[in-house]
Amino acid sequence: MRMVFLRHGESEYNLRGLCNADPAVPVPLTPKGRLQAAAAAQRLRNVPIRRVYVSRLTRARETAAIVNASHGADVYVDERLDDRNTGYEGKPVANYLSAMRRAADPFSWKAPAGESYVEMVGRVHDFLEEIEHDDTSTVLVVAHHEVLQAVTGHFRELSLPEMWSVWVEHCEVLEFESA
């Protein structure tokens, strides 16, 4: 199976440098983010996408809708694709990253009511193990930066620090083959 992964387009909170993992907080794409999604749709127009998986967050769902407009594939929303719950909802990303860096074990650290990087990687890997057995020829997964770090780590067998060092741009396409 061919698996195509796409990071969402630029969001309003990306511009403001704020955290968002709560699907009840609608954080839309910026005009630039919609253009990025349209460009991704153009790049993927000839890919035979049969199924789309997307997180519950607005920015990912908007991106998926733009890309899927020319495919008309079935769309499945899966909370395992949600952005990491940092415990810093609506607060600066810089504050979350600073707290994580100060921890003795930054990958196991989590803020109160948050989720550790290890926990996020685990749920993403569970999702991947489930869909790798899908009978669909090509799937599109639209998600978030840290989620796509975990995806890359799964397919390339990376350590946690190696995963953390992966950078995925807005609307960057990653492709992997599954057995």
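Read-outs throughout are calculated quantities, based only on the coordinates presented, and are distinct from any laboratory measurement. Predicted model only: the values in this text are computed from it and were never measured. All Cβ positions, even for glycine, are placed from backbone atoms using ideal geometry, and neighbour counts span all protein chains on display.
Note on the chain: with a GNM built from Cα contacts shorter than 10 Å, the maximum mean-square fluctuation among Glu130, Glu62, Glu12 falls on Glu130. Computed on the Cα atoms alone, the convex hull of the stretch 134-179 gives a volume of 78 cubic angstrom per residue. For Tyr76, the amide hydrogen comes within under 5 Å of the amide hydrogens of Val52, Tyr53, Val54, counting only partners 5 or more places away or on other chains and with H modelled in the peptide plane.
Which of the following values of P(r) over Cα pairs in 10 Å bins from 0, in percent was calculated from the structure shown: [x] 9, 36, 37, 16, 2, 0; [y] 10, 40, 36, 13, 1; [z] 10, 40, 41, 9, 0? Given [x] 9, 36, 37, 16, 2, 0; [y] 10, 40, 36, 13, 1; [z] 10, 40, 41, 9, 0, the calculated one carries the label [y]. Of the residues Leu15, Leu140, Leu160, the one that moves most in a GNM of the chain with alpha-carbon contacts below 10 Å is Leu15. Of the residues His144, Ser116, Gly33, the one whose Cα sits farthest towards the positive end of the charge dipole of the chain is Gly33 (charges of +1 on Lys and Arg Cβ, -1 on Asp and Glu Cβ, taken about the Cα centre).
What does the charge add up to near Ser116, with Lys and Arg as +1, Asp and Glu as -1, over the other residues with Cβ less than 13 Å from its Cβ? Its environment carries a net charge of -1.
For a paramagnetic label modelled on Val77 (point 7 Å from Cα along Cα→Cβ), amide N atoms under 17 Å away belong, within the stretch 131-146, to 141-144. Each stretch of four or more DSSP H residues adds -39500 (n - 2.57); spread over every residue of the chain, this sum gives -11500 deg cm²/dmol at 222 nm.
Let's see if you can work this out: charge +1 on each Lys and Arg Cβ, -1 on each Asp and Glu Cβ, no other charges. What is the dipole magnitude of the stretch 1-151 about its Cα centre, in debye to the nearest 20?
On the way: 19 positive and 20 negative charges, 144 e Å.
Dipole about the Cα centre, nearest 20: 700 debye.
Shown is the FRET efficiency for Asp134 and Arg34, computed with R0 = 22 Å from the Cβ-Cβ distance and rounded to the nearest 0.05: 0.15. Applying the Karplus relation 6.51 cos²θ - 1.76 cosθ + 1.60 with θ = phi - 60° to the stretch 91-96 yields 3J(HN,Hα) values of 9, x, 4, 4, 5, 5 Hz, where x marks Gly and Pro.
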